[in-house]
Structure formats: structure tokens, C-alpha cells
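The values are calculated or read from the model by the stated rules, or taken from the named source; none is laboratory data. What you are looking at is a predicted structure, and each value in this text was computed from that prediction instead of being measured. Here the Cβ positions follow ideal geometry from the backbone for every residue, glycine too, while neighbour counts run over all protein chains shown.
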Amino acid sequence: MMPTALKRWLILSLLLASVLAVLLASATGSVSMTLDQWAQALLHPGADQGDLLWRLRLPRALSAWTVGALLSLSGCLMQVLLRNPLADPYILGVSGGAAFASLLGMTAGVASAFTPLLALSGSLVSILLVFGLARGEGPWSTTRLLLTGVVTASGWAALISLVLSLGNDSSLRGMLFWLMGDLGYATTPSWALLVLALVFLICLGLARSLNVLAMGETTARLLGEPTQRLLWLIYLLASVLTASAVSIAGNIGFVGLIVPHLTRLMLGSDHRMLLPAATLFGGIFLVISDTLARTVIAPEQLPVGVITALLGVPLFLLLLNRAKLKQ
């Protein structure tokens, strides 16, 4: 296990790496810039390529970092909620509800400024459905919650397919790109950064409770934790994070699954360290993935969800193989 002092240095290193990743992404693209041109554009927005840097590349890089951080933090919460280190933010159908509501708004011609509200509304409907159906008349259980979430996610997927099949052909490609995870139309994510900061602070305050809950619901109850309220709060916070990420970039897989798990392998399961490290690591991971999506076949661009899947699938298989060898 890594010493506490080393863990703190790692978190500081991730913070510095986040800044460097955003700056590197702003200097990289289909239009080449020399180091001097990039520095001039960064320090003087009115310079020749200042518009390219400040209106396109920096907002997109910041959006990528924010979405990655949102998904990673949500993944940490979902893994505690389901007591499964390989759970992810999309597993309980929250993203499906958010994506369906957002696509419905796009089809109806609702202004993009209302997309976050639509995504949040869809996710809240999904929360009520999943928790209401999972509770039923019998005792609440993690297995019942998981099964209900998977079935609800399948239902949202069917509704999304219906919206796509009835949608306008001219907007179909854009909607498909968005569903695969696309940051092409991202703007400076001020509101999403505020959501991330607020939820992150709440989660840090809950870090001890999360550590106890990870031992099991019965143990947490014996230690005086209000487990039912805590589970509801965790699900609500994870849903807000996921809906915020979906409203910016659509469905981006594997970030909320792989990043928290890798961070847990490095730092252990103490959420006082795990939450900040996973949040920063997720932001870095998605900034790098989006930079690859913009440059691999430049000037054409790939959906960033394609890159995260190509990177995430082999990592996931390695983690599964590692878990199998330990058994």
C-alpha cells in the first residue's frame, strides 16, 4: 500500500498534469501552431490564432476535462452504491434517461441551452423509476437494484432507437455522433464545473460514510450510518454528475468504469484519497482521448467515445484477467 505522503504527492501531480493536459490539447489540432504562435495566442487573445485557441480549442479541452472528471466521480459513487469495483455510471439507466430527454429536445427543436435541464429531468425520472421498482413491496437489495437498472436502461435504449428512427435525416448524423460521445460543439463548461465542485465537496464530506458503506450495508447500519438515506443521496449525486456529463458530450463509455478502478488499485479504497485522485485522473484521461479523436485522422474527427472504447476495452479485459488470476 502506498504511504499517505506519497498519495498526496500523487494527487498534486495529477492536478499539475490536468493543467498540462488542457494546455497541450489547446496546442494540438489539424491546424498546426508553432510554440511561439501558441504562446502569443494564449497570452494575447487578439493575436492571429487567438480566436482558434480561446473560442475552439481551450473550451473543448476544458469540456473534455470536466466530462471526464464528472464521469469518474460518478463511477466512484456507483461502485460504492453497488459494492462492485467494476460498476459504472451508466449501469442503472441514468444516462439512458438523460440521453432520451436530450434527444427528444433536439428532435423538437428545443434550444441547446436547455439540454442540461432536459438531461437532468430525464435522469431524475430514471432515478424514480429504478428506485421505485427496485423497492417494490419487498426488501431493498443491491441485486434487485442492479437488475431493475439494467432493465430500465434497456427500455431507454429502445426509446432512443425510436427517436432516432423517427428523426429528421439531416440531423441524424449529428445525433448519432452525440450518442457515441462527441465534444465537437462543446463550449466553456462554467455551469458543469460548478456542479462538479459542489458535488465533489459534498462527496468529500461523505468520505468516511462511503468507506463504511463499502464494507457492507449491514456493517454500516451497525456503525450508526443512516444507510437508506445515504444510498438515496449517493444515487442522486451520481445521477446529477452523469446527467451533466451526458448533456455536454452524450454517452462516453469506460471513463467512469476504468478510471476509478485503476485509481483504487493504486491508492486503495480510502475515499478521502480516491475521490480527488479519480476525479483528476478522469479529466486527464478524457482530454488525452479527445486530443487523439481530433488528430488521428485529421482534418476529420472521430467521436471521443470511440477512442475511450478502444482504450477501455483492452484495459477492462486486463483487469478481469488480473481478478481471475487472484481468485
So which residues in region 249-261 are surrounded by fewer than 24 Cβ atoms within 10 Å (Cβ to Cβ) and over 10 Å from the mean Cα position of the chain (by Cα), if there are any at all? HIS261
Can you tell me which residues in region 294-319 are surrounded by 17 or more Cβ atoms within 10 Å (Cβ to Cβ), without any contact (Cβ under 8 Å) to a residue 24 or more places away in the chain and over 16 Å from the mean Cα position of the chain (by Cα)? LEU302
Scan region 20-27 and give yes if some residue there is buried (at least 18 other Cβ atoms within 10 Å of the Cβ), part of a helix (DSSP H, G or I) and free of Cβ contacts under 8 Å to residues at least 60 places away in the same chain, otherwise no. yes
Could you list all residues from region 303-326 that are at pLDDT 85 or above, among the hydrophobic types (A, V, I, L, M, F, W, C) and in contact with a Leu (Cβ under 8 Å, 6 or more places away or on another chain)? VAL304, ILE307
Positions within region 157-177 being exposed (fewer than 14 other Cβ atoms within 10 Å of the Cβ) and part of a loop (DSSP other than H, G, I, E, B), in sequence order: ASN168
Would region 123-137 turn up any residue that is surrounded by fewer than 24 Cβ atoms within 10 Å (Cβ to Cβ), assigned to a helix (DSSP H, G or I) and in contact with a Gly (Cβ under 7 Å, 6 or more places away or on another chain)? yes
For region 178-225: of the residues being among the hydroxyl-bearing types (Ser, Thr, Tyr) and part of a helix (DSSP H, G or I), which is surrounded by the most Cβ atoms within 10 Å (Cβ to Cβ)? SER209
Could you tell me which numbered condition MET1 fails, if it satisfies all but one of (1) more than 17 Å from the chain's Cα centre (by Cα); (2) farther than 22 Å from TRP191 by Cβ; (3) at pLDDT 80 or above; (4) not β-branched (Val, Ile, Thr)? (3)
